[in-house]
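K.L.:
Mind having a look at this structure? Questions to follow.
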Amino acid sequence: MNTGSPLATLATLLLTQASTSAARIDHAALGLLAASAVLVAVLAGLNLYFVVRYRRGSAVPRPPSALASWKIETLWIVATTIGFLGFFAWGARIYLDVERPPAGADEIAVIGRQWMWDIRQPNGRREFNELHVPVHTDIRLLLTSEDVIHSFFVPAFRLKQDVVPGKQVSLWFNATAEGAFPFYCSEFCGSKHANMIGVVVAESPERYARWLAQGDSAPERLARGGVLYQRYGCSGCHTQPSAVHAPALAGIYGRQIPVTGGGFVRVDDAYLRDCILTPGKVAPAGYPLIMPAFQGVVPEGDLIELIAYIRELDAGDRVDPNPRTSR
Amino acid sequence: MKATAEPPAGDAPAPDYLSSGYSLRSWLCTLDHKRIGLLYLVSITFFFMIGAAAAAAMRVALLSPKGDLIVSDVYNRLFTLHGVLMIWFFLIPAVPNVLGNFLLPLMIGARDVAFPRLNLASWYIFMTGAALALYAILAGGVDTGWTFYTPYSSTYSNGHVMAMAAGVFIAGFSSIATGLNFIVTIHRLRAPGLTWFRLPLFVWSLYSTSIILVLATPVLALTLFLMVLERGFGVGIFDPKIGGDPLLFQHLFWFYSHPAVYVMILPGMGVVSELVACFARKPIYGYRVMAFAILAIAALGFLVWGHHMFVSSQSIYAGVVFSLLSFLVSVPSAIKVLNWTATLHRGSIRLDAPMLYALGFMGLFTVGGLTGLFLATMAVDVHLHGTYFVVAHFHYVMVGGMVMAYMGGMHYWWPKISGRMYHEWSARIAALLIFLGFNLTFFPQFILGYLGMPRRYYAYPEEFHALNVLSTAGASILGLGYLLPLIYLSWSLCRGPRAPANPWGATGLEWQTPSPPPTGNFATTPIVTEGPYAYRPEEP
C-alpha cells in the first residue's frame, strides 16, 4: 500500500497526518483493513452462498468431499499463521522506531495532573494545555504524573504514551505539518478526565523560536530552582564547604562518578532524578547513606526545576574534582 | 450422538424437574443442576437489565457533545457499573452457569454434576457478591471503570471501591467452585462409551473454560485484595507515593482479565458449534482440530496479557513478545471461523432462529477478531489504544459474539428447558433486529476510535457528534431487539405449545430425554456408541 492509493487519501481526509510516524502507522492500519475486508467479504459471501444453495429441501447433490480434511486444515493453519506473522512484523518494526527516541532530540517536560497538562519548554517557559513545537524537528517529551495514570494522546501524530506516576517516560515525534492539533488524556483519571485536553501548536522553527524567546524565563527558573534547593534542604549537605556527608553538586553534571558496589555512572537527568527520589538505588561511592528518600515528597514540577538548577550549578565554586573515597 | 437406552423400568414417567415442587423452598434449596441453572438465569437476566439500562443512559447522554445531560461524576459511575455488572455478573456466568449448569449433565448422560451441594453453594456465593456490588452502586457508586486501575482506585477515587471490589472478589469464588465442579463432572461422570473425542464441542468449551476459571480467578482475587490493602490500610503496593508500582496492578489484573475474555467467548464458540451442526445437518468440519483449537486458545490465552499494555511504559521488547503471542492465539480462533463455514458446505441448512443467531455470531465474531488484529499490531495499537476503537472491538466479541451465542443457545435449548415452543417468527425478527441494531451501534465506534475519540469521555469535541448520534440510534434498535425475546419467551412459558423431546431432530444425549427432563435426567443411563454430530445432510 503506498501513499497514492485512494484508501490512503481517504484516511488523510478523515484525519490529518501531521507527524513522520502517522503515515507509516496509517499504512499498517490500511493493510490490515484491506486484508480484513477481503476476508469478511469472502466469508460472508461463502456463508450466504452455502445457506442459499444448500438450503433444506434444495435438490443440489451433496456428495462427501473428495479432499481430505487434514489437508484443508493444514492449509489454513499455515496460511493464517504466515499472514498473521507478516502483520506482526510490520507493526513491531514501526513500533520499535516509534518507541525509541532518536539521539539529540529537543526535550520538553510534560507533567500530567488531575486535570491539566503542565508543560515546560527547554528555556523554562511554562504553558498549560498547550504545547508549542517546531515542525521538522525531533521532539522528545519527558512525561511524568503527579497523581494517577494519565495518557498523552495526539491523534494527528498517531501517538500515545501512558503517563505513569513515579517514573519518567518519553514520547518522541517529528511534526510534519504546521497547525493546531488536539491532544487528549486517554487513560481514565477521574472526574474531569474528559476535560484534560489541549492543543499542540506546530509552527515553523523561526516562529517557534520567537515564541519561545518572548517567555524566556531561564533566569527566573534558575532562581526558583535555587529557592527549592534551599527549601528541600539540599544545600545543607550538598554545598561546599559542608560537603562532608554528601558529594558537592557544583559541576557534577555530565561527569562519570564512582558508585557503591563498583562501576561508574554518568550524572544525567535520569540519574539525578533517581538519586533524589530513591537515594539508595545507585549511590555515589564513599558517602554514608543518610539522605532521605524524596519519593512522594517532591512534586514533579519542583523536581524538574531542581534538576535544571543542579545542571546549571557550575564548577566555579571550588569543586572537589574527585569525590572523597574515605574520611 | 446416538445412544441406545434400555426401556424404562416402570410405566409411570418420572415427574419433570419443573413440576417436582412449586414452593419457594423447593427452588432455593434445590440440588438439581437444572433448577440451579434457572436460578442463575433469573439472576443474570436481572443484572443484564440493570447493565443495559446504564448503557442506554450513557448512549442518551452522548447525544450531546457538551455532556450537559449527565454530569461527569454520574457518567463515570454509569460506565463502571455497566462494565462490572456486564462482565462479572452477566457475561462470565451467562453460558457456563446457565446453559452449562442446565446442559452439561444432560449432554454427558449424567444424573447431575459431581458436587450438587457445591453447585448450589456457588449460586449463593455469587448472589452474595452481587448483593455487595449492588450495595456499592446504591450507596453512591464507583467511578474507577471496571478495570480498577491503580493508583486511581487505591488512593484517589472517592467512590465505594472497597465494597465493589469485595463483591467481585466474592463472586470469583463462585466461578472457581463452578469450574471445579465442571472439571470433575466431565472427568468422572461421562456415560459409558462417551469417550473424550465423542464429547460435543460445547462440553469441550466448558472444560477449557472451567480450567481457566480455576487457574485465573485466584489471581483476580489476589489483585483486588492487594488493591484493598493499599486503599484501606495504606500498604504501599501500587501507589508510587508509598513505594508501590502502578504497572504491577496492570500485569496482575490482565493476567486474569485476558484469560477471562476467553471465559466469555469460548462457551459461545461451543454453543455455535452445536447450532451450526444441527441446522446444517452435518458433523462439525474438523471436529478434532476444533477441540484442540479450544484448548490452544485456553492455553495461549494465559500468555498474552501484556498486549493491554503496549503504551503503558512496560518494556518495549516485552511488548514485542506479547504481540507475537497475541497473533498466535488468533490462529486457532481463525481456524474455528473457517471450519464453521466449511461445515455449511454441502449441508442441509434451515434458518430457524437459533441458526440466525449462529450466523450472526459468525459474522460479528469475525469482525471482532479481525479488529483484534489491529490492536495486536503494536504500532497501530499505539494510536488506537484507549479509544472507541477498543470499545467497539470488545463489544463485537463480547456482545456480537458471546451474547449472540447465548441468545442462540437460549432459543435452541428453550424447548428442553421450558418444555414449550416459542413463536418462531417473533424470534427471527428479534434476531434480525439485534444484528442490525448491534452493527449500527458499534460500527460507528470503530471510526470514532480511529479519528481519536478517547473512551470514558462524558463530553467530547463537536467533530465526533454525528457518529455518536448514529451509535445511539443503533442502540435504540438493539434495545428493542433485546426486549422482544423477554416478551415472547415469557409468553411461551404459559401459552407456548408443548415441545416434543427433540424438536430440531438434533443428535446429542440431551435430546433423548423428555422436554422438560425428569429430575434425574435419564430413566436409565444412556450408552454411547458413536461420535457427536452423527447428522446426514440427506436426511430431513
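The values are calculated or read from the model by the stated rules, or taken from the named source; none is laboratory data. For clarity, every value in this text was computed on a predicted model and none was experimentally measured. Every residue, glycine among them, receives a Cβ derived from its backbone with ideal geometry; neighbour counts consider all protein chains shown.
K.L.:
Can you tell me which residue within region B:368-381, out of those that are surrounded by fewer than 24 Cβ atoms within 10 Å (Cβ to Cβ) and at the interface with chain A (Cβ under 7 Å from one of its Cβ atoms), is nearest to A:Val42 (Cα to Cα)?
P.N.:
Among those residues, the one meeting the criterion is B:Leu370.
K.L.:
Could I ask something else about it? Output yes when any residue across region B:119-136 is farther than 26 Å from B:Thr524 by Cα, touching a residue at least 12 places away in the same chain (Cβ under 8 Å), among the small types (Gly, Ala, Ser) and not in a helix (DSSP H, G or I), and no when none is.
P.N.:
no
K.L.:
Among the candidates B:Met49, B:Met58, single out the residue that is free of Cβ contacts under 8 Å to residues at least 12 places away in the same chain, in contact with a Leu (Cβ under 9 Å, 6 or more places away or on another chain) and closer than 30 Å to B:Leu470 by Cβ.
P.N.:
After applying the criteria, what remains is B:Met49.
K.L.:
Still on this model: Being more than 9 Å from chain B (Cβ to nearest Cβ) and either out of contact with any strand residue (DSSP E or B) (no Cβ under 7 Å at 6 or more places or on another chain) or at positive phi (or both) is the filter here; which residues of region A:17-30 pass it?
P.N.:
Result: A:Gln17, A:Ala23, A:His27, A:Leu30.
K.L.:
Okay, next question. Count, please, the residues in region A:146-166 that happen to be under 17 Å from B:Leu247 (Cβ atoms) and at the interface with another protein chain (Cβ under 7 Å from one of its Cβ atoms).
P.N.:
10
K.L.:
Of the numbered conditions (1) β-branched (Val, Ile, Thr); (2) part of a helix (DSSP H, G or I); (3) modelled with pLDDT under 95, B:Ile70 fails exactly one; give the number of that condition.
P.N.:
Failing condition for B:Ile70: (2).
K.L.:
Quick one: in region B:221-244, of everything that is surrounded by fewer than 24 Cβ atoms within 10 Å (Cβ to Cβ) and closer than 16 Å to B:Ser175 by Cα, which residue is farthest from the chain's Cα centre (by Cα)?
P.N.:
The selected residue is B:Leu222.
K.L.:
Would you mind stating whether B:Thr513 is more than 29 Å from A:Ala59 (Cβ to Cβ) and either over 28 Å from the mean Cα position of the chain (by Cα) or surrounded by fewer than 21 Cβ atoms within 10 Å (Cβ to Cβ) (or both)?
P.N.:
No, not satisfied.
K.L.:
For B:Phe148, all conditions in the list (1) at pLDDT below 95; (2) of a type in the set (A, V, I, L, M, F, W, C); (3) within 14 Å of B:Phe89 (Cβ to Cβ) hold save one; what is the number of the exception?
P.N.:
Single failed check for B:Phe148: (3).
Okay, residues lined up against (1) without any contact (Cβ under 8 Å) to a residue 24 or more places away in the chain; (2) out of contact with any His (no Cβ under 8 Å at 6 or more places or on another chain):
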position: B:Leu266; (1), (2): no, yes
position: B:Val272; (1), (2): no, yes
position: B:Val276; (1), (2): no, yes
position: B:Ile284; (1), (2): no, yes
position: B:Tyr287; (1), (2): no, yes
position: B:Gly301; (1), (2): no, no
position: B:Val304; (1), (2): no, no
position: B:Ser313; (1), (2): no, yes
position: B:Ala318; (1), (2): yes, yes
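K.L.:
Let me ask something else. Against the condition more than 12 Å from chain B (Cβ to nearest Cβ) and of a type in the set (Asp, Glu), how does A:Glu187 come out, does it pass?
P.N.:
No, not satisfied.
K.L.:
I would also like to ask the following. Any residue that is free of Cβ contacts under 8 Å to residues at least 60 places away in the same chain, closer than 22 Å to A:Glu187 by Cα and not polar (S, T, N, Q) - is there at least one of those in region B:223-230?
P.N.:
Within region B:223-230, one or more residues are free of Cβ contacts under 8 Å to residues at least 60 places away in the same chain, closer than 22 Å to A:Glu187 by Cα and not polar (S, T, N, Q).
K.L.:
Return the residues of region A:58-117 that are within 7 Å of another protein chain (Cβ to nearest Cβ), of a type in the set (S, T, N, Q) and crowded, with 17+ Cβ neighbours inside 10 Å; say none if nothing qualifies.
P.N.:
Correct list: A:Thr80 only.
K.L.:
If you go through region B:457-510 one residue at a time, how many are surrounded by fewer than 20 Cβ atoms within 10 Å (Cβ to Cβ), among the charged types (D, E, K, R) and in contact with a helix residue (DSSP H, G or I) (Cβ under 8 Å, 6 or more places away or on another chain)?
P.N.:
Looking only at that region, the number is 1.
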